[in-house]
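Undergrad: To start, I am sharing the structure in question, which I have written as structure tokens.
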Amino acid sequence: MTQVAQLLETLDRHLDDGTPTIKAYKETLSESRQWMREAFESGAPVEELVQHRAGLVDAILSHSWEGFFPEKADDITLVAVGGYGRGELHPASDIDILILLKQDDDKYRQALEGFITFMWDIGLELGHSIRSLADCVREAEADITVATNLMESRLIYGPDALFQQLREQTGPDTIWSSKAFFEAKLQEQRNRHHKYHDTAYNLEPNVKEGPGGLRDIQMIGWVAKRHFDADTLRELVDHDFLTESDYQDLWEGQVFLWRVRFALHLITGRHEDRLLFDHQRTIARQFGYQDEGHSMAVELFMKQYYRTIMELNRLNEMLLQLFQEEILLAEDTSPPFPINERFQIRKGFLEVSENDTFEQHPTALLELFLLMEQRPDLLGVRANTIRLVRENVHLIDEEYRQLPEARRLFLEILSQPKGVTHEIRRMNRYGVLAAYLPVFGKIVGLMQHDLFHVYTVDEHTLTVLRNVRRLTITEYAHEFPLASNIIGSLDRPMLLYIAALFHDIAKGRGGDHSELGAKDAELFCREHGLNDTDTELVVWLVKNHLVMSRTSQRKDISDPDVINEFAALVGDQRHLDTLFILTMADIRATSPTVWNSWKHALLEDLYRSTSALLERGLQNPLQENELLQEVKQEAMESLRHQQIGQEGIEWLWQRLPDEYFLHYSVNEVVWHALSILTADADEIPLVRVRQQTTRGGTEVFIYAPVQPRLFAQTTATIERMGLTVADARLLSSTDGFSFNTFMVLEENGRPISEPMRVDELLLTLEDILSQPDRLPEIHDRSLPRQLKHFPITTRVEFKPDEYEDRTAFEVHTMDRPGLLARIARLLLEHHVFIRNARITTLGERAEDVFIVTDEKGGPLDTPQQEALKEAIILALDEA
């Protein structure tokens, strides 16, 4: 007796024993859920479990239906649609039904209301529609989604004749021909993939809807059913659309994703298709993964997930090409057009001339991608050739990688003016890139379990390559004009592409990935015949690919010493140009939220300052006094041009230390002076806000008498408004006035865009700062869900030797709402005055640098440092 039959027998026994009907059904469903959980955890095949769940629901619905409708009724029928129609139900899948009426009338209104209510009462939540046959045809004709659902329909209870009428009147001979259906579903898939940024390699992927997910498998099934009337994917083998091996790969991939989805539903107790951090570790343990070497169990599980998705993506591409040829290009009977003895074009697709082409000419495995670049009019690679690539990829062994022709082809692929990113991605999808570069194969599907990198290492790497390539395309030059101009002046952009491919190639091995990756890059360059100069540049870029971002975000780039040190490392304009482009491309590829206008402005400022110094000559480094005089001179000229008198300027500037002119640009010095010298005499504290500046954020300037609570008041106010502080510079005049500047951003990393919000910030700060004794409460916004899965122990590091009269320290901790305000409050409580701050957020990590003094304006002594360190760690780790 099947499990379903046993459960129904139990249900009948409960009902016979006088158990209330609703309770009896509820208990049966509860027993079923418990049985499914135990069976799944015991290793029962998931494909049997999803069918069991559908079978049980069939039985419950049929059993209940008999109590509400006449047994012999020939004008109403109960139909399963959607995934339930396919006979596949996960624990919390939608149970979609159609109650099909022969005619649109109220004959069964009372019975229908009773049936639906009963389903809800027993805990079976249905997605139901009640339609007449005519309604179904009309709705299906207008909406491809309705047509798809009906195509998967399955009779549960009622007259088969009425159900067959539905199938016939909504079939391809009546509405949505197989051609129209395929075109619509293909566009639907493209739109869905675009919604997920055309990648399945996010750190929290959607098992069902993401590229390569279950929906892509369903897409294949829908088209097969519409065109071939195939009820199973297995039938595609009979139609020569799949080989037996392809089918096994497709089936095994589907089963793996089913297991993941089944586990998600059991863990969450709801319909959940997102593989969130909350659940990844749990499923990894449940599936038996264990930590190995440098890899955590969760990373190994996710690597298997991503590699499964990649294989399903390849099969999806191959099958859609076959469908495209079979359905859309069926009338194209023209003979193939030969390109050379190895390749030809058939119906717009590239294919090998013979089935043994790759065996006879192994380097054709690389030539294929070069031809795709050189012929952008091609629709793609023909399915049979995709299959042959996969079958022959084993030919790319160590001996193959030594072939001069193979090396020449790979470099030529990287040197093409168009299609480089697209074809390198295709190489990765077909497994050729990992075969040709085994070191790249090690990072395929490798996740970085943090929030700074939201993609797998291989996806991040290929996105960096895409970002670099995009800068070479004229129509995108407006996005980053400086970077586009720079890359346009490079004589060998291919070197940047190689550096992009290798910059993170040593991730996951332990040790410094920059150093290890540089060694891999050097070996590649030597083996591929690059000269010493080009090899040195690529190796240097890989080794130093993090230096420019760290310098721009964590150091004071207005300090001439910082620029001098960075310029000495860079050495010449070529190294600066290429590092700038690689750095920008790298940051932008980590996460859609990491890159912002502030970081962009910092990078460009560092680039321009360093470029000017290189032009001046490293033997003649910039001196502080020289920079100070330049800033004063240019600011003076600008202020005079705006009718500001000499006397007022001198009155203001003689109150300011030289440090002020070293830390602020000419534009900022002029803005501050205009704000102060044109304000009313009683307008103290003075607050000014510039909505958007060349520095990439909204700038807040505060001119007020020095008072210990000023920084704490300001940061708490800014963060209470949901803004983030990207940079804070705080200086005091000789007569006791604060010149404080804050660069603030919205939570999306952009400057404030709404004028009303700027006004609100200005008025709120004026109100708070006019009450020196007032300390706003720190706004305790809830911690974002993802951060809870990346606990970071707070670390405080003092750097007493960096400044003679001040103390610098770094706080490494988990980023969270109100973080800066909390630190400001702690500094206030310990009588520590903040002079400068650099705020850096890297995913879930905050790495903030503070320059402080004691009450007397001097550096903190050792006891003060230890007390402050202890207080910060205690407060932040317990928060």
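The values are calculated or read from the model by the stated rules, or taken from the named source; none is laboratory data. Because the structure is predicted, anything quoted here is derived from the model rather than measured. When we count neighbours, we look across all protein chains shown, and the Cβ atoms used for this are built from the backbone with ideal geometry, even at glycine. With ligands, DNA and RNA removed, areas are computed over all heavy atoms of the protein, side chains included. Shrake-Rupley method; radii C 1.70, N 1.55, O 1.52, S 1.80 Å.
Undergrad: In this structure, is Ser611 in contact (Cβ under 8 Å) with a residue 60 or more places away in the chain and among the small types (Gly, Ala, Ser)?
TA: No; evaluated as a whole, the condition is false for this residue.
Undergrad: Just one of Ile95, Ile76 is in contact (Cβ under 8 Å) with a residue 60 or more places away in the chain and hydrophobic (A, V, I, L, M, F, W, C); which is it?
TA: Ile76
Undergrad: Within the stretch 607-618, which residues are within 40 Å of the chain's Cα centre (by Cα) and open to solvent by less than 70 Å² (accessible area, probe 1.4 Å)?
TA: Across the stretch 607-618, the qualifying residues are Tyr607, Ser609, Thr610, Ser611, Ala612, Leu613, Leu614.
Undergrad: Search the stretch 459-488 for residues being open to solvent by 20 Å² or more (accessible area, probe 1.4 Å), touching a helix residue (DSSP H, G or I) at 6+ places or on another chain (Cβ under 9 Å) and of a type in the set (S, T, N, Q), and hand back the single one that is farthest from Arg426 (Cα to Cα).
TA: Within the stretch 459-488, the match that is farthest from Arg426 (Cα to Cα) is Thr474.
Undergrad: Outside any loop (DSSP other than H, G, I, E, B), open to solvent by 20 Å² or more (accessible area, probe 1.4 Å), in contact with a His (Cβ under 9 Å, 6 or more places away or on another chain) and under 30 Å from Arg192 (Cα atoms): is that true of Asp96 in this structure?
TA: Considered against the rule, which asks whether it is outside any loop (DSSP other than H, G, I, E, B), open to solvent by 20 Å² or more (accessible area, probe 1.4 Å), in contact with a His (Cβ under 9 Å, 6 or more places away or on another chain) and under 30 Å from Arg192 (Cα atoms), Asp96 comes out as yes.
Undergrad: Of all residues in the stretch 728-777, count the ones that are β-branched (Val, Ile, Thr), out of contact with any Lys or Arg (no Cβ under 6 Å at 6 or more places or on another chain) and not in a helix (DSSP H, G or I).
TA: Count: 2.
Undergrad: Turning to a different aspect of this structure: Looking only at the stretch 717-727, how many residues end up being open to solvent by less than 40 Å² (accessible area, probe 1.4 Å) and either outside any helix (DSSP H, G or I) or within 24 Å of Ile557 (Cβ to Cβ) (or both)?
TA: Matching residues across the stretch 717-727 total 7.
Undergrad: I would also like to ask the following. Could you run through the stretch 22-38 and say how many residues are touching a helix residue (DSSP H, G or I) at 6+ places or on another chain (Cβ under 9 Å), free of Cβ contacts under 8 Å to residues at least 40 places away in the same chain and more than 14 Å from His265 (Cβ to Cβ)?
TA: So the answer is 6.
Undergrad: Still on this structure, I have one more. Please indicate, with yes or no, whether at least one residue in the stretch 637-657 is in contact with a His (Cβ under 8 Å, 6 or more places away or on another chain) and either of a type in the set (Val, Ile, Thr) or at pLDDT below 90 (or both).
TA: No, the conditions are met nowhere in the stretch 637-657.
Undergrad: Find the residue count for the stretch 495-511, including only residues that are open to solvent by less than 10 Å² (accessible area, probe 1.4 Å), part of a loop (DSSP other than H, G, I, E, B) and of a type in the set (Gly, Ala, Ser).
TA: Adding up the residues that qualify gives 1.
Undergrad: Being touching a strand residue (DSSP E or B) at 6+ places or on another chain (Cβ under 6 Å) and open to solvent by 20 Å² or more (accessible area, probe 1.4 Å) narrows it down to one of Pro708, Pro657, Pro685, Pro621, so name that one.
TA: Pro685
Undergrad: Report whether or not Val669 is crowded, with 18+ Cβ neighbours inside 10 Å, touching a residue at least 24 places away in the same chain (Cβ under 8 Å) and part of a helix (DSSP H, G or I).
TA: yes
Yes or no, residue by residue, for (1) in contact with a Ser or Thr (Cβ under 8 Å, 6 or more places away or on another chain); (2) closer than 26 Å to Thr593 by Cβ; (3) surrounded by 19 or more Cβ atoms within 10 Å (Cβ to Cβ):
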| residue | (1), (2), (3) |
| --- | --- |
| Glu804 | no, no, no |
| Leu819 | yes, yes, yes |
| Arg822 | no, yes, yes |
| Leu827 | no, no, yes |
| Ile834 | no, no, yes |
| Thr853 | yes, no, no |
| Lys856 | no, no, no |
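Undergrad: Among the residues of the stretch 337-366, which ones are touching a residue at least 12 places away in the same chain (Cβ under 8 Å), in a strand (DSSP E or B) and surrounded by fewer than 19 Cβ atoms within 10 Å (Cβ to Cβ)?
TA: Pro338, Arg346
Undergrad: Please verify whether the stretch 226-234 includes one or more residues that are part of a helix (DSSP H, G or I), in contact (Cβ under 8 Å) with a residue 24 or more places away in the chain and open to solvent by 20 Å² or more (accessible area, probe 1.4 Å).
TA: yes
Undergrad: Oh, and also: Can you find even one residue in the stretch 285-308 that is within 26 Å of Met151 (Cβ to Cβ), open to solvent by 10 Å² or more (accessible area, probe 1.4 Å) and assigned to a helix (DSSP H, G or I)?
TA: No, because not a single residue in the stretch 285-308 is within 26 Å of Met151 (Cβ to Cβ), open to solvent by 10 Å² or more (accessible area, probe 1.4 Å) and assigned to a helix (DSSP H, G or I).
Undergrad: From Glu423, Glu373, Glu412, Glu405, grab the single residue that is touching a Lys or Arg at 6+ places or on another chain (Cβ under 9 Å) and in a helix (DSSP H, G or I).
TA: Glu373
Undergrad: Would you confirm whether any residue within the stretch 445-455 is open to solvent by less than 20 Å² (accessible area, probe 1.4 Å) and part of a helix (DSSP H, G or I)?
TA: no
Undergrad: Of all residues in the stretch 531-556, which are assigned to a loop (DSSP other than H, G, I, E, B) and crowded, with 22+ Cβ neighbours inside 10 Å?
TA: Of everything in the stretch 531-556, just one residue is assigned to a loop (DSSP other than H, G, I, E, B) and crowded, with 22+ Cβ neighbours inside 10 Å, namely His545.
Undergrad: Tally up the residues in the stretch 576-592 that are at pLDDT 90 or above and either under 22 Å from Glu630 (Cβ atoms) or open to solvent by 20 Å² or more (accessible area, probe 1.4 Å) (or both), please.
TA: 2
Undergrad: Please work out if Ala200 is modelled with pLDDT under 90, touching a Pro at 6+ places or on another chain (Cβ under 6 Å) and surrounded by 15 or more Cβ atoms within 10 Å (Cβ to Cβ).
TA: Yes.
Undergrad: Confirm whether Ala364 is at pLDDT 95 or above and touching a strand residue (DSSP E or B) at 6+ places or on another chain (Cβ under 9 Å).
TA: For Ala364, the condition - at pLDDT 95 or above and touching a strand residue (DSSP E or B) at 6+ places or on another chain (Cβ under 9 Å) - is met.
Undergrad: Between residues in the stretch 850-879 that are under 21 Å from Arg835 (Cα atoms) and residues that are open to solvent by 50 Å² or more (accessible area, probe 1.4 Å) and part of a helix (DSSP H, G or I), which pairs lie under 9 Å by C-beta distance while being six or more apart or on different chains?
TA: Note: pairs meeting the criteria are Asp854/Gln864; Ala871/Glu829; Ile872/Arg822.
Undergrad: Answer yes or no as to whether Arg695 is among the basic types (Lys, Arg), open to solvent by 10 Å² or more (accessible area, probe 1.4 Å) and not in a helix (DSSP H, G or I).
TA: In short, yes.
Undergrad: Can you tell me how many residues in the stretch 174-194 are touching a residue at least 12 places away in the same chain (Cβ under 8 Å) and either open to solvent by 10 Å² or more (accessible area, probe 1.4 Å) or among the β-branched types (Val, Ile, Thr) (or both)?
TA: Of the residues in the stretch 174-194, 12 are touching a residue at least 12 places away in the same chain (Cβ under 8 Å) and either open to solvent by 10 Å² or more (accessible area, probe 1.4 Å) or among the β-branched types (Val, Ile, Thr) (or both).
Undergrad: Count, please, the residues in the stretch 106-121 that happen to be in contact (Cβ under 8 Å) with a residue 24 or more places away in the chain, surrounded by fewer than 18 Cβ atoms within 10 Å (Cβ to Cβ) and outside any helix (DSSP H, G or I).
TA: Qualifying residue count, the stretch 106-121: 1.
Undergrad: Return yes or no: is Phe580 closer than 23 Å to Lys507 by Cβ, of a type in the set (Phe, Trp, Tyr) and assigned to a helix (DSSP H, G or I)?
TA: yes
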